[in-house]
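Derivation of every value follows stated rules applied to the coordinates shown; laboratory data play no part. Just so it is clear, the model here is predicted, and its values are computed rather than measured. Positions of Cβ are generated from backbone atoms using ideal geometry, with glycine treated the same way; all protein chains shown enter the neighbour counts.
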Amino acid sequence: MALEGFSYGWLVIAAGAFFLALEVFSPGFFLLVPGTVLIIMGILLLLGVDMFSSNLGIVLGIAIAIASAAVTVFIYSRMTSPDSKPFTMSMDSLAGKEGILTKSADEETMDGKAIVEGQIWSARSAKGTITEGKKIKVISSKGVHIVVEEVE
């Protein structure tokens with residue numbers, strides 16, 4: 001499949017490389033697998049495997065895509081640690097959690113900083129001023145900051 005000396009395989013490889021480049025800026029394996037599959041399909045097109053001219057070619061192309069996706073997922077899953085679990089903490093899950101204040105917090109500003117379950121959050125006091133180093137409990141969260149009170 002060439003158009004004046006240019007193979008469509010190069011376009012497919014370029015699309016796969018573009019997906020891989022996007023994955024660098026937005027990691028999560030969402031674009032890594034399709035990018036790798038496109039690169040494999042592009043290489044096969046450059047080698048002369050014609051996947052678009054007949055029904056058999058289309059079936060062959062789909063089978064190759066599925067097989068290369070399965071192998072790619074298997075290989076990339078072996079690269080990650082089996083013990084590593086995704087860590088997601090949203091502001092809604094913070095109420096009731098305890099942490100340490102790393103920068104003093106008052107009720108007027110959001111200048112305070114607190115570490116809650118390993119994450120740093122902007123904090124403000126529910127009442128009064130809480131000094132740095134005090135143990136705190138999250139009362140609520142508003143926007144991108146948390147409201148805390150000192151734990152006795």
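What relative contact order, as a whole-number percentage, does segment 91-150 give when Cα pairs under 8 Å and 6 or more residues apart are counted? It rounds to 37 percent for segment 91-150. Rounded to the nearest 5, the antiparallel percentage of DSSP beta bridges internal to the chain is 85%. A simple rule links phi to the HN-Hα coupling: the Karplus curve 6.51 cos²θ - 1.76 cosθ + 1.60 with θ = phi - 60°, which for segment 56-68 gives 5, x, 5, 4, 4, x, 5, 5, 5, 4, 5, 5, 5 Hz, with x for Gly and Pro.
Each of (1) -0.42, -1.37, -1.47; (2) -0.49, -1.25, -1.33; (3) -0.63, -1.08, -1.14 is a candidate for log10 I(q)/I(0) by the Debye sum over Cα atoms at q = 0.11, 0.20, 0.21 Å⁻¹; the one calculated from this structure is (3). Annotation: amide H of Ile146 within the under-5 Å range of Ser122, Ala123, Arg124, sequence separation 5 or more or interchain, hydrogens built in the peptide plane. When each of the peptides 116-122, 38-44, 54-60 is scored by how many other beta carbons lie within 10 Å of its residues on average, the order from highest to lowest is 38-44, 116-122, 54-60.
Using alpha-carbon pairs under 8 Å, 6+ residues apart, how would you state the relative contact order of the chain in percent? Taking the mean separation of contacting Cα pairs over the length of the chain, I get 15 percent.
Taking a straight line from the alpha carbon of Lys127, these lysines sit under 20 Å away, with near neighbours fewer than eight places off in the same chain left out: Lys97, Lys103, Lys113, Lys135, Lys137, Lys142.
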